[in-house]
Amino acid sequence: MIRLIVCDLDETLLDSEKNVSENNRAAIREFEARGGLFVPCTGRIYTSLERTLSQLDALGKAGHYVISTNGALISENCGRVCCSKGVPADKVQALIAHARANGMGVEVFAEDGTLYYEAIDARELRDLPLFVDDPLPLPEDVSFLRDVGVAKLLYERWDMPYLKQFAQQMDPALKEGLEISFSSDRYIEINAAGVNKGEGLRMLAEMLSIDMAQTMAIGDNFNDLEMIRAAGIGVAVANAPEEIRATLSFMASMTVGVSTVCVLQADHEHDAVAEAIRQYA
C-alpha cells in the first residue's frame, strides 16, 4: 500500500497555466482520504508555492510537507523547517564568477526565500514572477550571500545540448562537493553534494516512519530521476524527455532500485498525476 507520494510540480502536476487541474485535485483528495500523504517535491523555492499549496488545500497546514530546491529544504507547511542543506559559501562565489566569465545566465535561490538573477533570457525574465514574488537582480558584489545562505543555483540557457556540454567541461575542482542535474529545457541545477529529490524523499520517509516500499515518486525530468529510482513505485509522465523514458525502460528491465517503474499515457496537460494515483496507489 502506498502511504507517501512525492510529486514534481512544473511539467508534472501543473499544467501550462501553472494550475492543478480539478481531476488531479480530486485524485489527491481520494488518496489522502485513504490516509495517504501527498507531498510536492520541486526544484522551486518554498516561497514560490503559495498558489499551488492553496489549490492543494495544504497551505499553512501542520502534517503537510514540501520538499523544495531539489531536496535542500524539507518544510512542514505550518512554518516548521524540518531540515536544510545549502551550497557551501565558497562554492557559491566561485559558481557565480564562473557564470559571469562565460556569459551564462544564473539564478540564485537564497535560503531566506529571495531569488536573485543575472543575464537570463528575456523569456525567463518574463516567466520569473510565475514562480516567485519580487525576484531581484543579482548585485555585482555577492559577498552578502555568505551570510544569507544559498539553497541552490541555476545556470540558465535555452539550449540543453549546450548546457550538458558546459557542465561536462566545468573544472572538476569547481564541481567537487556539488550535485549537478538538469531540468526543463534550459537549466543546470546545482545543489550541495548529496542533495537531490531522492535523498529528500528518503529523509522525509524516515522522519515519518514510512517504508520506502510504500512510496511513489512522479516526475518528468533529469532532476526527478533520483526520486524515481528511490521510490517503491517510480513514475514518469508522458511528456518526459525521450532520455528519461528510455532510462525508465532500462530500469524496468533490470529492476534496479525500485519495485516498479513506468511511463504514463497522460502528460501534464491531461491529468497525468490522477492517472498515476488511480492506477498505482
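Only bridges with both residues in the chain count here: give the DSSP antiparallel percent, nearest 5. Walk me through the intermediate numbers first.
Numbers: 30 of 50 bridges.
Roughly 60 percent of the DSSP beta bridges within the chain come out antiparallel.
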Note on the stretch 1-79: contact order normalised by length, alpha-carbon pairs under 8 Å, 6 or more apart, percent, works out to 28
Eligible lysines near LYS91 by straight Cα distance, threshold 21 Å, same-chain separation 8 or greater: LYS152, LYS164, LYS175, LYS197
Per the 1/(1 + (r/R0)^6) rule, R0 = 35 Å and r from the Cβ atoms of SER249 and ASP147, FRET efficiency to 0.05 is 0.15
Explain nothing, just the number: relative contact order of the chain, from Cα pairs under 8 Å at least 6 residues apart, as a whole percent. 21
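Rounded to the nearest 500, what is the chain's calculated 222 nm mean residue ellipticity when only DSSP H runs of at least 4 contribute -39500 (n - 2.57) each, over all residues?
On the way: 11 runs with 97 residues, N = 281.
When only DSSP H runs of four or more count, the value is -9500 deg cm²/dmol.
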The stretch 6-62 and the stretch 169-214: distance between their alpha carbon centers, rounded to Å: 20
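Taking only C-alpha pairs under 8 Å that are 6+ residues apart, what is the relative contact order of the stretch 89-192 in percent?
Working: 148 pairs, mean separation 29.4, N = 104.
28 percent.
Can you compute the FRET efficiency between ALA122 and MET1 using 1/(1 + (r/R0)^6), with r the Cβ-Cβ distance and R0 = 45 Å? Round to the nearest 0.05.
Numbers: r = 48 Å, r/R0 = 1.06.
Plugging the Cβ-Cβ distance into 1/(1 + (r/R0)^6) gives 0.40.
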Among the stretch 1-23, those whose backbone N falls under 13 Å of a label point 7 Å along Cα→Cβ from CYS83 are none
With unit charges on the beta carbon (Lys/Arg positive, Asp/Glu negative), name the residue among SER75, MET216, THR42 whose Cα is farthest towards the positive pole of the charge dipole of the chain. MET216
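If you take every DSSP beta bridge whose two residues both sit in the stretch 89-192, what share of them, in percent to the nearest 5, is antiparallel? Can you show the working numbers first?
Values: 20 of 22 bridges.
Bridges in the stretch 89-192 that DSSP calls antiparallel: roughly 90 percent.
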Between GLN169 and GLN93, what length in nm is gained on full extension when 0.36 nm per residue of separation is reduced by their alpha carbon distance? 25.5 nm
About the Cα centre of the chain, how large is the charge dipole given +1 on each Lys and Arg Cβ and -1 on each Asp and Glu Cβ? Please answer in debye to the nearest 20. 680
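Using +1 on the beta carbon of Lys and Arg, -1 on that of Asp and Glu, and nothing else charged, what's the dipole of the stretch 126-186 about the Cα centre, debye to 20?
Values: 7 positive and 12 negative charges, 51 e Å.
Here the stretch 126-186 has a charge dipole of around 240 debye.
If you rank GLU17, GLU107, GLU22 by fewest surrounding Cβ atoms within 10 Å, what's the result? Before the final figure, lay out the partial values.
On the way: GLU17 8, GLU107 23, GLU22 11.
In order of increasing Cβ crowding within 10 Å: GLU17, GLU22, GLU107.
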Using θ = phi - 60° and Karplus 6.51 cos²θ - 1.76 cosθ + 1.60, couplings along the stretch 21-38 (whole Hz; Gly, Pro as x): 5, 4, 5, 4, 4, 5, 5, 5, 4, 4, 5, 5, 5, 8, x, x, 10, 9
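Taken together, the values in this text are just the output of simple stated rules run on the coordinates, not laboratory data. Note that the structure is a prediction, hence the values are computed from the model and not measured. Positions of Cβ are backbone-derived with ideal geometry, glycine not excepted, and every protein chain shown enters the neighbour counts.
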